Amino acid sequence: MGTVIDYLKAYGDFTFQEKPFTEVDSLALCQLSYLKFDGMVPGVREDKKPVTLEELALREDFDRLFADERFEKQNRALVAGMLGGKRFRQLRLNSYINIVEKEWETQFAAVTFLLDDGTVYVAYRGTDETIVGWKEDFNMAFCAPVPGQEYSVSYLNMVTKQVRRPFYVGGHSKGGNLAVYSAMNCYPEVRERIIRIYSLDGPGFRPEVLEKGKYDLIAERVTKILPQSSLVGMLFESDMRFQVVESKTFGLAQHDPFTWRVEQDHLVRADGIYQGRKRMDNTLNQWILSLDEEQLRVFVDTLYQVISASRADNLIDLTAEWKVSMNRIVAALKEVDDQTAQVLRKVIRSLFDIAAANRKRETARKLSLRKKTGRQSRLRPSLPRA
């Protein structure tokens, strides 16, 4: 049993015509979309021919692709695996876009992959290492649509107009949310050409977003995959039509798709989300939905304000100078005005109240089940002695 890297070693020499597209291919492409293609892949508004992965590897500035230090080792292994076989070596990349707007609290990136079987894969990047990217994730809790979601629809309509082929759309983390959102809200003629939509541990949607969108028109084509200890993917997850896979690690580190177990050409399925994690996810969703928009906005804006006080633009800088960052964050917390602090206390108290109520219900349920099981044991006739 291995990972996506082992899959590339085992099946990398099969073209897509020889071996049809798999869910592990989707995982590989979603992860590839995290690389820094700026200035290397034609932009979405540029009239240039696509570049192949092999052509990128020959560039002098090839190492710029791996600027994200968190996953540099894994991403290098991914690209090496793709270049090692004919399945991905001539993969063509085009229509790259990367937008980071601090003023509008937006981080959006996407790239289009052209496969050798005539299909297309539109991949949305998940949350990158920028603080702005994480703020946009939080904004999804109270604001719909966020700018990234609106960009995702425009991007899908634009690239599928340029390349009129059947296509897949997918993403990991926030990218999975954008994949589903764009598929719900794109032009009807574009929606008809979608083969499948992949959301890899991507957050769901507030109920009103699903009601307003065209989710029922794409539901049968959505493949949502979560690890057993999912947090991000269980945010606003009400549809429950997801599949759970095994990971070689534990806790929130399972959000990393490089840890997901692969057997032959498929992800290894698990029985379900861990019960403890599921209770925590349910509590978090209940809490978010119990707050009004103003309470959520104050909470998220204050959290962003406090983290921004570290003067770090990205999570790598934030953690690299951890002591300095924390000192600045603590100082910023002291500057929160009384009215904001009062709202924050109320918001945080409501989270603990919901958690306590859920624990109480769970304890009562277990006690009732234990009593019921005990009664059944006493009523069950014993076997006669030989």
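Odds and ends about this structure:
- Global form of the stretch 161-284, assessed from the alpha-carbon gyration tensor, a/c cut-off 1.5: oblate
- Per-bin percent of Cα-Cα distances, the stretch 1-136 [10 Å]: 12, 43, 34, 10, 1
- A full extension of the chain between Asp38 and Leu252 corresponds to an added length of 74.1 nm, given 0.36 nm per residue minus the alpha carbon distance.
- Principal axis dimensions, largest first and in whole angstrom, of the stretch 161-224 by Cα: 31, 23, 19
- Ignoring lysines fewer than eight residues from Lys360 along the same chain, the ones with Cα atoms less than 25 angstrom from its Cα are Lys278, Lys346, Lys371, Lys372.
- Fully extending the segment from Gln243 to Glu101, taken as 0.36 nm per residue of separation minus the present Cα-Cα distance, adds 47.7 nm.
- Out-of-range pairs (alpha-carbon distance over 21 Å; input Lys36/Lys174; Lys9/Lys248; Lys36/Lys224; Lys48/Lys161): Lys36/Lys224
- Highest mean first, the peptides 203-214, 21-32, 170-181, 255-266 sorted by other C-beta atoms within 10 Å per residue fall in the order 170-181, 21-32, 255-266, 203-214.
- Inter-label distance, nm, simple model (7 Å from Cα along the C-beta direction), Val268/Arg45: 4.8 nm
- Neighbour-limited loop hits for GluC sites (Glu not before Pro), the stretch 41-95 (at most 16 other Cβ within 10 Å; DSSP other than H, G, I, E, B): Glu46, Glu60
- Inter-site label distance for Ala80 and Arg221 at 7 Å from Cα along Cβ, in nm: 3.8 nm
- Cα gyration tensor shape for the stretch 21-100, rounded if a/c is under 1.5, else prolate or oblate: rounded
- Carbon + sulfur, % of accessible area of the stretch 198-274 - ligands and nucleic acids excluded, 1.4 Å: 52 percent
- Amide proton proximity set for Tyr198, modelled H, under 5 Å, gap of 5+: Val169, Gly170, Gly171, Thr223
The values are calculated or read from the model by the stated rules, or taken from the named source; none is laboratory data. This is a predicted model, so every value here is computed, not measured. So basically every Cβ, Gly included, is an ideal-geometry build from the backbone, and we count neighbours across all protein chains shown. For accessibility, only protein heavy atoms count, side chains too; no ligands or nucleic acids. Shrake-Rupley method; radii C 1.70, N 1.55, O 1.52, S 1.80 Å.
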